[in-house]
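The values are calculated or read from the model by the stated rules, or taken from the named source; none is laboratory data. If you're wondering where the values come from, they're calculated on a predicted model, not measured in any experiment. Quick reminder, even Gly has a Cβ in these numbers, built from the backbone with ideal geometry, and neighbours come from all protein chains shown. When the accessible area is computed, the model is the full protein with side chains, heavy atoms only, and any ligands, DNA or RNA have been set aside. Shrake-Rupley method; radii C 1.70, N 1.55, O 1.52, S 1.80 Å.
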Amino acid sequence: MSNLIDIQNVSIGYKTDEGEVSAVSDVSLSIAPREIYALVGESGCGKSTLASSIMRLLAAPGKLTGGKILFEGKDLTALSDNEMVAYRGKEIGMIFQNPLDSLNPVLRIGNQISEAIMLDRVPKEEALKLTDSILSNMQIADASKRAQNYPFELSGGMRQRAMIGMMISRNPKLIIADEPTTALDVTIQAQILELLKKLKEQHNVSVLLITHNFGVVAEIADRIGVMYAGTLVEEGDVFSLFESPKHPYTAMLLKALPTIRKHQGRLQVIPGNVERLINPPKGCRFANRCPYAMDKCVDVPAPWQYEGEHRWACHLEGGIARG
């Protein structure tokens, strides 16, 4: 089966007075049809920047400095601005972190969703009926009544469901969910994540889930990519990555997660600080914090190693030992 999207050696830079910030460096990953791919890592590691580049929504002075983004074989980076409009919303939808900032505060929820539907030349009356149906499918009770509400009249969870409903109203093939559970309580988080999982099954969509929280992806993701300081350091299916992480950064992140075990003591932390992304080291960007670092880690790019479909970029042969 061919991939829905292939991100090939993408690099993104931001020009500053001090020099160019290497926000994303030589990242390659792919997402298959009907797959949920979770991209995880600490805040500021380049996840959202990479997602914005797919939609061609990079904020100035951000710029794609290398690579290709192929969607069903079509290179999105080579399209004109007018050509790209046809992909936004219709082929690729994006759910942003805070729906209150993304939704129009002076338009009713139903009008905003129906307007999206009418972009595909659906008559207004039919679009309004479809809107109620979409809100119901998003598990919003009293859908026709809620469609008359303004965004500020809805709870955070309802706003996020309404935003997801707007994104699927045009039947996109890929949904990019950028921290969709931020600022929601754990119960609502679980509901939103379960909703994304149902979208995959019911609407045959692929999902790129951007998050810094490993805990929110364990139940719904098919594969996970781990980013650090603008680079992809490990990728694999959920089971293999959680069961046997190979890159030191992934392993240390997992050990820093709280568990329900008693007497676990203090949570582990990753010592040191992230390298500055202006003139970063030529080798592994995690080298200055890695307990396994060797001299060559600083100057020589880490090679990719493979164990089936599980891959990681590290000089330590075979990756770290299990546990």
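Here are a few things to note about the model shown:
- Candidates 132, 295, 178: whichever shows maximal mean-square fluctuation once the chain is modelled as a Gaussian network with Cα springs under 10 Å: 295
- Residue 292 contributes an accessible area of around 110 Å² to the protein surface, as traced by a 1.4 Å probe with all chains present.
- The chain - percent relative contact order, Cα under 8 Å, separation 6 or more: 21
- Placing a label point 7 Å from the Cα of residue 77 along the Cα-to-Cβ direction, the residues of the stretch 35-63 whose backbone N falls under 11 Å of that point are 54.
- Element breakdown for the stretch 17-109 at a 1.4 angstrom probe: carbon and sulfur atoms account for 48% of the accessible area.
- Summing Cβ point charges (Lys, Arg +1; Asp, Glu -1) relative to the Cα centre of the stretch 57-164 gives a dipole of roughly 160 debye.
- Highest average first, the peptides 307-316, 229-238 ordered by how many other beta carbon atoms sit within 10 Å of their residues are 229-238, 307-316.
- Helix-only CD estimate at 222 nm, as mean residue ellipticity for the chain, using -39500 (n - 2.57) per DSSP H run (n ≥ 4): -8000 deg cm²/dmol
- In a reduced charge model with +1 at each Lys and Arg Cβ and -1 at each Asp and Glu Cβ, the stretch 1-139 shows a dipole moment near 240 debye about its Cα centre.
- Largest mean-square fluctuation among 270, 176, 31, in a Gaussian network model of the chain whose springs join Cα atoms under 10 Å apart, belongs to 270.
- With every protein chain in place, the stretch 163-218: carbon and sulfur % of accessible area (1.4 Å): 50
- Under 26 Å from the Cα of residue 129 - lysines, other chains or at least 8 residues apart: 90, 145, 173, 197, 198, 200
- Full-extension gain in nm, residue 171 to residue 150, via 0.36 nm per residue minus C-alpha separation: 5.2 nm
- Top of 241, 208, 154 by mean-square fluctuation, Gaussian network on the chain, Cα under 10 Å: 154
- Heavy-atom accessible area order for 169, 80, 43, largest first, 1.4 Å probe: 43, 80, 169
- Solvent-accessible heavy-atom area per residue, rounded to whole Å², over the chain at 1.4 Å: 50
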